[in-house]
Amino acid sequence: MAFNKFNVFHWHIVDDPSFPYQSVAFPELSAKGAYSYNHVYTPSDVRLVIEYARLRGIRVIPEFDTPGHTQSWGKGQKDILTPCYDKDRPNGSYGPINPILNTTYDFMAKLFKEIGTVFPDDYIHLGGDEVDFSCWRSNPDVTEFMKKQGLLFTYAKLEGYYIQKVLDLVTSLKKKSIVWQEVFDNGVKLQPDTTVEVWIGGDYNEELSKITKEGHQAILAAPWYLDYISYGQDWRKYYSVEPLSFSGYKSQKERVLGGEACLWGEYVDATNLTPRLWPRASAVGERLWSSENVTDVDDAYARLTQHRCRMLRRGIAAEPLFVGFCRYEMRDT
């Protein structure tokens with residue numbers, strides 16, 4: 001990351017399949033929710049990552065994504081997930097975080113207090129994306145709660161109810177929040193200093209315009225999802241993005257903090273992480289640090305090819321941009 005001018009590591013540290021973060025306050029979360037006992041991030045592991053990054057000028061922002069993407073949480077924390085129903089009885093499956101119980105917020109307060117202490121950065125990413133409302137819709141207790149709260153069966157508002165409480169928790173820790181764009185799209189009342197991350201493809205320019213018009217800072221990730229691989233030189237389309245091309249005043253464009261190259265883990269582990277990431281992410285790094293008038297893709301190809309060879313010399317298994325070779329591989333005969 002440091003070689004490629006990336007200065008923030010967004011650590012999506014837990015998700016549906018696994019809860020590898022080893023919590024001091026709630027050790028059962030990883031003991032029961034991680035893939036196995038040796039697929040965890042211990043407190044010393046986390047400290048090592050943060051310090052290693054700090055020495056290279058890189059901030060570490062953790063993401064604890066809720067209320068969706070939380071199936072692994074339920075293995076180690078009783079009653080944290082919503083029971084799903086078939087007609088009038090539970091069917092044994094569970095949905096998102098249960099937003100109707102006071103115990104949920106007691107748990108979240110304790111967990112985020114720990115997170116705020118462990119991670120020194122000013123920001124915590126709270127997620128909020130891809131929430132499936134079907135389980136909430138099936139649960140009669142949730143339905144009754146929504147009636148009492150006057151939420152009128154609008155499940156996006158129920159998510160908003162939950163997110164606002166978590167936002168308040170994070171604010172009480174003197175931290176700022178980042179959320180995925182659905183939270184903004186669903187009309188959740190955000191804190192003034194909440195940053196919105198734009199990830200959904202399509203017209204992300206319009207999304208940036210809306211977010212910044214409302215006075216929020218934004219991060220652009222939508223055009224730089226590196227887990228979407230394609231044959232050929234897909235780095236060229238990453239390089240050709242202009243993140244400030246949306247309609248808006250200068251003050252709006254100043255609210256775009258930067259961009260993010262995302263590499264999600266559905267088909268990635270230690271065997272292919274590095275070559276899939278580099279030098280495709282290098283193109284994103286150059287784009288984000290370059291003026292908008294630096295647009296010559298062929299010129300960038302020459303630089304990136306040279307930089308790819310530089311990374312190989314440093315032991316980074318960066319894949320080739322196209323056919324060719326690195327001069328350092330030549331040997332005198």
query: For ILE219, all conditions in the list (1) out of contact with any helix residue (DSSP H, G or I) (no Cβ under 9 Å at 6 or more places or on another chain); (2) open to solvent by 50 Å² or more (accessible area, probe 1.4 Å) hold save one; what is the number of the exception?
result: (2)
query: Among (1) more than 17 Å from LEU126 (Cα to Cα); (2) of a type in the set (S, T, N, Q); (3) not in a helix (DSSP H, G or I), where does THR70 come up short?
result: (1)
query: Does the range 146-169 include one or more residues that are in contact with an Asp or Glu (Cβ under 7 Å, 6 or more places away or on another chain), in contact (Cβ under 8 Å) with a residue 60 or more places away in the chain and farther than 22 Å from GLY259 by Cβ?
result: no
- request: Just name the residue that is nearest to GLU206 (Cα to Cα) out of those in the range 244-282 that are among the β-branched types (Val, Ile, Thr) and touching a residue at least 12 places away in the same chain (Cβ under 8 Å).
  value: VAL256
message: Taking the condition of being assigned to a loop (DSSP other than H, G, I, E, B) and over 22 Å from the mean Cα position of the chain (by Cα), how many residues in the range 88-109 meet it?
response: 3
Among residues of the range 227-239, those that are modelled with pLDDT of 95 or more and open to solvent by 80 Å² or more (accessible area, probe 1.4 Å), counted: 1
- line: Taking the range 35-88 and keeping residues out of contact with any helix residue (DSSP H, G or I) (no Cβ under 8 Å at 6 or more places or on another chain) and open to solvent by less than 20 Å² (accessible area, probe 1.4 Å) leaves ALA53, ILE61, GLU63, ASP65, GLY68, THR70
- prompt: Hey, which of the helices (runs of 4 or more DSSP H) in the range 110-194, taking only ones fully inside, have at least 3 residues that are under 30 Å from PRO43 (Cβ atoms) and open to solvent by 30 Å² or more (accessible area, probe 1.4 Å)?
  reply: 155-172
query: Do we have any residue at all in the range 249-269 that's at pLDDT 95 or above, open to solvent by 80 Å² or more (accessible area, probe 1.4 Å), in a helix (DSSP H, G or I) and closer than 22 Å to ASN7 by Cα?
result: no
message: Can you list residue pairs whose Cβ atoms sit under 7 Å apart, with the first residue in the range 221-237 being farther than 23 Å from ASP299 by Cβ and the second being modelled with pLDDT under 95 and among the small types (Gly, Ala, Ser)? Count only pairs 6 or more apart in sequence or on different chains.
response: ALA222/GLY201
message: Looking at PRO96, PRO20 in this structure, which one is in contact with a Gly (Cβ under 7 Å, 6 or more places away or on another chain), under 28 Å from ASP168 (Cα atoms) and in contact (Cβ under 8 Å) with a residue 12 or more places away in the chain?
response: PRO96
Selection status of GLU286, touching a Leu at 6+ places or on another chain (Cβ under 8 Å), within 30 Å of LEU244 (Cα to Cα) and open to solvent by 80 Å² or more (accessible area, probe 1.4 Å): no
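Being farther than 22 Å from TRP264 by Cβ and either of a type in the set (Lys, Arg) or outside any loop (DSSP other than H, G, I, E, B) (or both) is the filter here, so list the residues in the range 212-231 that pass it.
Let us first name the residues in the range 212-231 that are farther than 22 Å from TRP264 by Cβ, namely 212-217.
Hits for the range 212-231 are THR212, LYS213.
Can you spot a residue in the range 5-14 that is of a type in the set (D, E, K, R), open to solvent by 40 Å² or more (accessible area, probe 1.4 Å), touching a Gly at 6+ places or on another chain (Cβ under 7 Å) and not in a helix (DSSP H, G or I)?
Within the range 5-14, one or more residues are of a type in the set (D, E, K, R), open to solvent by 40 Å² or more (accessible area, probe 1.4 Å), touching a Gly at 6+ places or on another chain (Cβ under 7 Å) and not in a helix (DSSP H, G or I).
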query: Hey, among the residues in the range 291-333 that are more than 16 Å from GLN233 (Cβ to Cβ) and of a type in the set (D, E, K, R), which one's most open to solvent (accessible area, probe 1.4 Å)?
result: ARG327
field: ILE58 being aliphatic (A, V, I, L, M) and either closer than 19 Å to GLU28 by Cα or out of contact with any strand residue (DSSP E or B) (no Cβ under 9 Å at 6 or more places or on another chain) (or both)
entry: no
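The values are calculated or read from the model by the stated rules, or taken from the named source; none is laboratory data. Note that the coordinates shown come from a computational prediction; the quantities given were computed from them, not determined experimentally. Note: ideal-geometry Cβ built from the backbone for every residue, glycine included; neighbour counts use all protein chains shown. With ligands, DNA and RNA removed, areas are computed over all heavy atoms of the protein, side chains included. Shrake-Rupley method; radii C 1.70, N 1.55, O 1.52, S 1.80 Å.
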